[in-house]
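One structure is given here, and the rest of the page talks about it.
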Amino acid sequence: MKNIKLELKIDKIESLELYSKLLNKDINSMLDEALEQYFKSEDEKLLAKEQNATNLSYDEFWNGVDI
């Protein structure tokens, strides 16, 4: 397992501690859940960006079509 140094701002640490007590959850579990949501969100953004890059614009689509 690789060690990673994490630095959190004090307000984030305080929020983690508060929500840990309120939700009766382990801080590591909350961080894992948050990262899963973050990765899912970023994957969706990347997929949307990729789809937009491959779509033709209106003018490109209709270029050369006589109506």
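Values computed for the structure shown
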| item | result |
| --- | --- |
| Residue among Ser15, Ser57, Ser20 that is at negative phi and in contact with a helix residue (DSSP H, G or I) (Cβ under 9 Å, 6 or more places away or on another chain) | Ser20 |
| Check on Ala34, modelled with pLDDT under 95 and either part of a helix (DSSP H, G or I) or open to solvent by less than 90 Å² (accessible area, probe 1.4 Å) (or both) | no |
| Extreme residue, farthest from the chain's Cα centre (by Cα), among residues of region 2-31 that are exposed (fewer than 10 other Cβ atoms within 10 Å of the Cβ) and of a type in the set (Val, Ile, Thr) | Ile10 |
| Selected residue (criterion: farthest from Leu6 (Cα to Cα)) from residues of region 37-67 that are modelled with pLDDT under 80 and among the hydroxyl-bearing types (Ser, Thr, Tyr) | Tyr58 |
| Pairs where the first residue, in region 18-35, is within 16 Å of Leu6 (Cα to Cα) and the second is of a type in the set (Gly, Ala, Ser), C-beta under 8 Å, 6+ apart | Ile27/Ser20; Met30/Ser20 |
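The values are calculated or read from the model by the stated rules, or taken from the named source; none is laboratory data. All values reported here derive from a predicted model rather than from experimental measurement. With ideal geometry, Cβ positions are generated from the backbone for all residues, glycine too; neighbour counts draw on all protein chains shown. When the accessible area is computed, the model is the full protein with side chains, heavy atoms only, and any ligands, DNA or RNA have been set aside. Shrake-Rupley method; radii C 1.70, N 1.55, O 1.52, S 1.80 Å.
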